[in-house]
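The values are calculated or read from the model by the stated rules, or taken from the named source; none is laboratory data. The structure presented is a predicted model; accordingly, all values stated were derived computationally and were not measured. Here Cβ is always computed from backbone atoms with ideal geometry, including for glycine, and neighbour counts include all displayed protein chains.
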Amino acid sequence: MRCVIARFPFDLFKNEVEDVMKNIEPEAVTGEAVLIGDRQYPVKQVGEVITRQDRRDFSAREVTRALTGLGFTCTAAPAPAAPEPVATAWPSSLV
């Protein structure tokens, strides 16, 4: 599949992405992720490996679009946790 990542065209194939990533240890996922084989990788890590570009040069959206087009399952960044409510103790003189 032909795609453009960081303004550069790439011809990507699902089996080639799987072959390249099978020897790469996944980093901790903190944002968008992709399932390759039985491992979950950060999308930016996969983009860096398959394009040989610095991950600051492209967006996760560009790589997600390409990987989804190849048939991989991508997941969005987890929603931030809601802040814990703060318990306020009223001074006994105000009760």
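Which condition number does residue 44 fail, the rest of (1) under 14 Å from the mean Cα position of the chain (by Cα); (2) modelled with pLDDT of 95 or more; (3) farther than 20 Å from residue 6 by Cα being met? Checking residue 44 against (1) under 14 Å from the mean Cα position of the chain (by Cα); (2) modelled with pLDDT of 95 or more; (3) farther than 20 Å from residue 6 by Cα, the one that fails is (3).
Of the residues making up the stretch 55-83, those that are under 21 Å from residue 16 (Cβ atoms) and part of a loop (DSSP other than H, G, I, E, B) are 58, 71, 72.
Residue-by-condition table, conditions (1) over 14 Å from residue 72 (Cβ atoms); (2) surrounded by 12 or more Cβ atoms within 10 Å (Cβ to Cβ):
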| site | (1), (2) |
| --- | --- |
| 16 | no, yes |
| 28 | yes, no |
| 32 | no, yes |
| 37 | no, no |
| 40 | no, yes |
| 48 | yes, yes |
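Could you list, in sequence order, all residues of the stretch 23-64 that are in contact (Cβ under 8 Å) with a residue 24 or more places away in the chain and of a type in the set (A, V, I, L, M)? If the condition is that a residue be in contact (Cβ under 8 Å) with a residue 24 or more places away in the chain and of a type in the set (A, V, I, L, M), then 24, 33, 34, 35, 36, 43, 46, 49, 50, 60, 63 are the ones that fit.
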